[in-house]
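The values are calculated or read from the model by the stated rules, or taken from the named source; none is laboratory data. Just so we're clear, the structure is a prediction, and the values are computed from it rather than from any experiment. Every residue, glycine among them, receives a Cβ derived from its backbone with ideal geometry; neighbour counts consider all protein chains shown. For the accessible areas, the whole protein counts, side chains as well, though only heavy atoms, and no ligand, DNA or RNA atoms are used. Shrake-Rupley method; radii C 1.70, N 1.55, O 1.52, S 1.80 Å.
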Amino acid sequence: MDPLFYVMAIMGCGDGSSACQQARVEQVQYTSIGECQRAMPTVLARNSDIDFPVVTASCRANGARLAQAKPVAKRG
């Protein structure tokens, strides 16, 4: 299974941040949500060429997620 990582989606929105749609996804993969969020100002500045009144970004998990099993108490 591939590990979990984060990518940043660049969103273009109408005035007032309404009707947002994904314009592109950055190629960089981040190892944590915090790392992705810290990179956001730089990435937004680099993607200011999108033809929308408002440009924003969203960090999203990508890759495989492992489920954590919780022990179940036996009855009887």
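Listing for the model above:
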{"item": "Top-ranked residue of the range 7-27 - restricted to ones that are assigned to a loop (DSSP other than H, G, I, E, B) and surrounded by 13 or more Cβ atoms within 10 Å (Cβ to Cβ), ranked as modelled with the lowest pLDDT", "result": "Cys20"}
{"item": "Where Leu4 falls short, out of the listed (1) surrounded by 12 or more Cβ atoms within 10 Å (Cβ to Cβ); (2) out of contact with any Lys or Arg (no Cβ under 8 Å at 6 or more places or on another chain); (3) not β-branched (Val, Ile, Thr)", "result": "(2)"}
{"item": "Subset of the range 28-63 (residues that are aromatic (Phe, Trp, Tyr) and open to solvent by 40 Å² or more (accessible area, probe 1.4 Å))", "result": "Phe52"}
